[in-house]
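Undergrad: One structure coming up, written as structure tokens, with questions to follow.
The values are calculated or read from the model by the stated rules, or taken from the named source; none is laboratory data. Here the structure is a predicted model, which means the values were calculated and not measured. In this analysis, Cβ positions are derived from the backbone assuming ideal geometry, glycine residues included, and neighbour counts consider all displayed protein chains. Note: areas computed on protein heavy atoms with side chains; ligands, DNA, RNA excluded. Shrake-Rupley method; radii C 1.70, N 1.55, O 1.52, S 1.80 Å.
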Amino acid sequence: MSELLLKNVRVVTHDRDEPTNADIAIVDGRIVDVRPGLPETGEVIDGGGKLAFPGVVDAHQHWGIYNPLSQDAESESRASAQGGVTTALTYMRTGQYYLNRGGSYADFFPEVLKQAEGRAYIDYGFHLAPMSRGHIGELPDLIERFGVPSFKIFMFYGGHGLHGRSDDQRAFLMLPEGERYDYAHFEFVMRGVQAARERLPELADEISLSLHCETAEIMTAYTKLVEEAGDLSGLAAYSASRPQHSEGLAVFIASYLAHETGLANINLLHLSSRKALEAAVRMAATFPHIDFRREVTIGHLLADVDTASGLGAKVNPPIRPREDVEALWEYVLDGTVDWVVSDHACCRDELKFGDPRDDVFVAKAGFGGAEYLLPGLISEGRRRGLPYGRIAALTSWNPAKRYGLRTKGTIAPGFDADLCLVDPASTWTVRAQDSESTQEYTPFEGFELTAKVTDTFVRGNHVLDAGKIVGDRVGRFVPRPA
């Protein structure tokens, strides 16, 4: 039996705006008591009055998209721990990138688990994307056999490439002969997910479908307009080429399809603009029987087209102008946004930038950022009046509840001892060279943050100590619900 006592900390939980002074007793990786004055037994760590946050449940990462999965599982989990992340849910699909193969998930997913096993410093799970008709038939098996109850649709993939225009999406997605990745397929995916919910009623609340909401036809047309006009460059050009109303329209389409198919659990991912959030709010009012959840990323909350550090900030949907950043914060502060994620997708310099290097349309999309998730949200959120408890809900409790992580998400007896210590008075400057990620740049280079994660614990294992990665690769796959 292993025992650990964290003493002299200020515990932050989702159900209280402000922290409370307490000690945290941990036995065999689980929290057993949280209150002041606990007796000192086993290993004792003095938190020095720091904030103790629930370990971040980063519900949107991409391990293995640009680097081998086994490599990302190690390096990007180390970077995640720097940001207080103790559980990552990472998106996976068949097709080009990731494992670069098609076929059934019965064959594909065991290889995913094999490549990640024993590599990570934090716990992890997967979301899967049903790319083909055959995948839809596999949904119940993925839930019951593999513990994957959350699925994804990339709405723009059918007619637009990952990084820009494409005329050969079927080959990119490695679809079977005669199949298309289009609105009809999206409808059938929704019907398949709903059928799984009805077949497994005891798990139905934790079975959901997530959507990347952008509209291929609008993006293709606007990319041409932006290139022909030639008056915009860099991140501003990329934002204009994937305009905000493309997001809004996709939200409307996705929401109506959910209504048509009776699918009640819908997650709208990385909403990046006022128009996208306005559409999401309108759809929630129009279809009150659908349980919509709304996600934003720390990148879209911290950076805009003028302040982000270079074309390394290319991502889908794009980093937006400042007025959209301010709009996102309005929706965070009023409770419309349900959780904040990193959308971490490590893309090294040699892969990220094309030729010419300063052409945003040939650069790859995506960047890492999990190491800045909690520090960034605390820094900017507290400046805007966001309560500590709301930050804990946005980064831990809400995604844990939605995605079936029943033993994670808060600091309370019976829960996994996943937590991090935060110094809320530590001002520091973001430098890519300080990250454990293999990515050599960051869109947040030079940003000044006013809170720092000093220690991270995964099921009681001390994986970040005084800002440095320590110990063994203790992370493990978490089948859900768990």
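Undergrad: What's the ranking of 37-45, 424-432 by average number of surrounding C-beta atoms within 10 Å, highest first? It would help to have the intermediate numbers written out before the result.
TA: Values: 37-45: 12.4, 424-432: 14.7.
The packing order, highest mean first, is 424-432, 37-45.
Undergrad: Here is a further query. Can you tell me the order of 173-180, 20-27, 211-218 when each peptide is scored by its average per-residue count of other Cβ atoms within 10 angstrom, highest first? Spell out each step's value before the answer.
TA: Numbers: 173-180: 13.6, 20-27: 20.0, 211-218: 22.0.
The densest-packed peptide leads the list: 211-218, 20-27, 173-180.
Undergrad: Below 8 Å, C-alpha to C-alpha, sequence gap of six or more: please give me the relative contact order for segment 1-102 in percent. Walk me through the numbers on the way to the answer.
TA: Working: 179 pairs, mean separation 25.2, N = 102.
Computed value for segment 1-102: 25 percent relative contact order.
Undergrad: Can you give me the % of accessible surface on segment 1-92 that is carbon or sulfur? Probe 1.4 Å, all protein chains present, nothing else counted. Numbers along the way, then the final one.
TA: Details: 1400 of 3100 Å².
C and S fraction of accessible area: 45 percent.
Undergrad: If you average the C-alpha positions of segment 294-346 and of segment 73-139 separately, how far apart do those two centres end up, in angstrom?
TA: Between the Cα centre of segment 294-346 and that of segment 73-139, the gap is 24 Å.
Undergrad: Tell me, rounded to the nearest percent, the portion of alpha carbon pairs in segment 240-302 spaced more than 17 Å apart.
TA: Across segment 240-302, Cα pairs with separations above 17 Å total 35 percent.
Undergrad: How would you rank 7-15, 28-36, 56-64, highest first, on the average number of other Cβ atoms within 10 Å across their residues? Intermediate results must be reported in sequence, preceding the final value.
TA: Values: 7-15: 20.7, 28-36: 15.9, 56-64: 28.4.
Answer by packing, highest mean first, reads 56-64, 7-15, 28-36.
Undergrad: Convert 4 °C to kelvin, take the viscosity as 1.567 mPa s, use the Kirkwood radius over C-alpha pairs of segment 101-150 as Rh, and evaluate the Stokes-Einstein diffusion coefficient in µm²/s, rounded to a whole number.
TA: 111
Undergrad: How many nm is it between the label spots at His245 and Leu113, if each spot is 7 Å from the Cα in line with the beta carbon?
TA: Result: 4.7 nm between the two label points.
Undergrad: If you don't mind, there's one more thing I want to ask. Taking a label point 7 Å from the Cα of Asn8 along the Cα→Cβ vector, which residues of segment 406-427 have an amide N closer than 16 Å to it?
TA: Within reach of a label on Asn8, which here means backbone N under 16 Å from a point 7 Å along Cα→Cβ, segment 406-427 contributes 421-424.
Undergrad: Which percent of the accessible area of segment 215-301 is formed by carbon and sulfur heavy atoms (probe 1.4 angstrom)?
TA: Of all accessible area on segment 215-301, carbon and sulfur atoms account for 56 percent.
Undergrad: Moving to a separate point now. Would you please name the GluC sites (Glu not before Pro) within segment 324-410 that are DSSP coil residues with at most 16 other C-beta atoms within 10 Å of their C-beta?
TA: Loop-located and lightly packed - none at all.
Undergrad: If you don't mind, there's one more thing I want to ask. Divide by every residue of the chain the summed helix terms, -39500 (n - 2.57) for each DSSP H run of at least 4, and state the resulting mean residue ellipticity at 222 nm, rounded to the nearest 500 deg cm²/dmol. Display every interim value, and only then the final one.
TA: Working: 16 runs with 154 residues, N = 482.
Calculated from helices alone, the mean residue ellipticity at 222 nm is -9500 deg cm²/dmol.
Undergrad: Based on Cα coordinates alone, diagonalise the gyration tensor for segment 378-482, multiply each eigenvalue by 5, take square roots, and list the semi-axes in whole Å, largest first. Walk me through the intermediate numbers first.
TA: Values: eigenvalues 125, 73, 37 Å².
In descending order, the three semi-axes are 25, 19, 14 Å.
Undergrad: Extending each Cα 7 Å along its Cβ direction at Ala106 and Glu323, get the distance between those two points in nm, one decimal.
TA: 5.3
Undergrad: Still on this structure: Nearest 20 debye, what's the magnitude of the dipole of segment 154-299 about its Cα centre given +1 on Lys and Arg Cβ and -1 on Asp and Glu Cβ? Don't skip to the answer; put the middle values down first.
TA: On the way: 13 positive and 20 negative charges, 55 e Å.
Approximately 260 debye in magnitude.
Undergrad: Taking only protein heavy atoms and a 1.4 Å probe, what accessible area per residue, in Å², does the chain have with all protein chains in place?
TA: Each residue of the chain exposes 35 Å² on average to a 1.4 Å probe.
Undergrad: So if we plug the beta-carbon distance of Ile469 and Arg382 into 1/(1 + (r/R0)^6) with R0 = 30 Å, what FRET efficiency do we get, rounded to 0.05?
TA: Numbers: r = 26 Å, r/R0 = 0.88.
Once rounded, the FRET efficiency stands at 0.70.
Undergrad: While we're on this one: Taking only Cα atoms of segment 163-314, what ratio of Rg to Rh do you get with Rh as the Kirkwood inverse-distance radius?
TA: Values: Rg = 17.3 Å, Rh = 17.1 Å.
For segment 163-314, the value is 1.01.
Undergrad: With no solvent and one equal point scatterer placed on each C-alpha of segment 288-355, evaluate the Debye formula and give log10 I(q)/I(0) for q = 0.18, 0.19, 0.29 Å⁻¹, two decimals.
TA: Reported log10 I(q)/I(0), two decimals: -0.75, -0.81, -1.35.
Undergrad: Continuing with this model, one more query. Hey, could you get me the Stokes-Einstein D for segment 325-413, Kirkwood radius over alpha-carbon pairs, 10 °C and 1.306 mPa s, rounded to whole µm² s⁻¹? Please report the intermediate quantities before stating the final value.
TA: Numbers: Rh = 15.2 Å.
After rounding, the answer is 104 µm²/s.
Undergrad: Under 14 Å between alpha carbons: how many lysine pairs meet that in the chain, if sequence neighbours fewer than 8 apart on the same chain are excluded? Intermediate results must be reported in sequence, preceding the final value.
TA: Working: Lys7/Lys50; Lys50/Lys452; Lys314/Lys352; Lys314/Lys364; Lys352/Lys364; Lys452/Lys468.
Count of close lysine pairs: 6.
Undergrad: I'd like the carbon and sulfur percentage of the solvent accessible area for segment 306-380, probe radius 1.4 Å, heavy atoms only, ligands and nucleic acids excluded. Before the final figure, lay out each step's value.
TA: Details: 1000 of 2290 Å².
Of all accessible area on segment 306-380, carbon and sulfur atoms account for 44 percent.
Undergrad: Normalising by the residue count of the chain, find the relative contact order in percent from Cα pairs under 8 Å and 6+ residues apart.
TA: Working: 1175 pairs, mean separation 108.4, N = 482.
About 22 percent, as a whole number.
Undergrad: Now, a different point. Taking only the Cα atoms of segment 11-96, how large is their convex hull per residue, in Å³? Provide the component values of the computation, followed by the final result.
TA: Details: hull volume 12.3 nm³, N = 86.
Convex hull volume per residue, Cα atoms: 143 Å³.
Undergrad: Taking Cα Rg over 2.2 N^0.38 Å straight from the coordinates, which label in (i) 0.92; (ii) 1.26; (iii) 0.98 is the correct one?
TA: Checked against the structure: label (i).
Undergrad: Still on this structure: Please give the contour-minus-distance gain from Ser426 to Arg348: 0.36 nm per residue of separation, less the Cα-Cα distance, rounded to one decimal in nm. Don't jump to the answer; show the numbers that get you there.
TA: On the way: separation 78, 0.36 × 78 = 28.08 nm, distance 2.88 nm.
My answer for the length gained is 25.2 nm.
Undergrad: Need the full-extension length gain, Thr41 to Asp291, defined as separation in residues times 0.36 nm minus the C-alpha distance. One decimal, nm. Let's see the in-between values first.
TA: On the way: separation 250, 0.36 × 250 = 90.00 nm, distance 4.46 nm.
In short, 85.5 nm is gained.
Undergrad: Let me ask something else about it. Is there a quick way to get the dipole size of the chain? I mean about its Cα centre, with the Cβ of Lys and Arg at +1 and of Asp and Glu at -1; what is the value in debye to the nearest 20? Can you show the working numbers first?
TA: On the way: 49 positive and 68 negative charges, 110 e Å.
Charge dipole of the chain: 520 debye, to the nearest 20.
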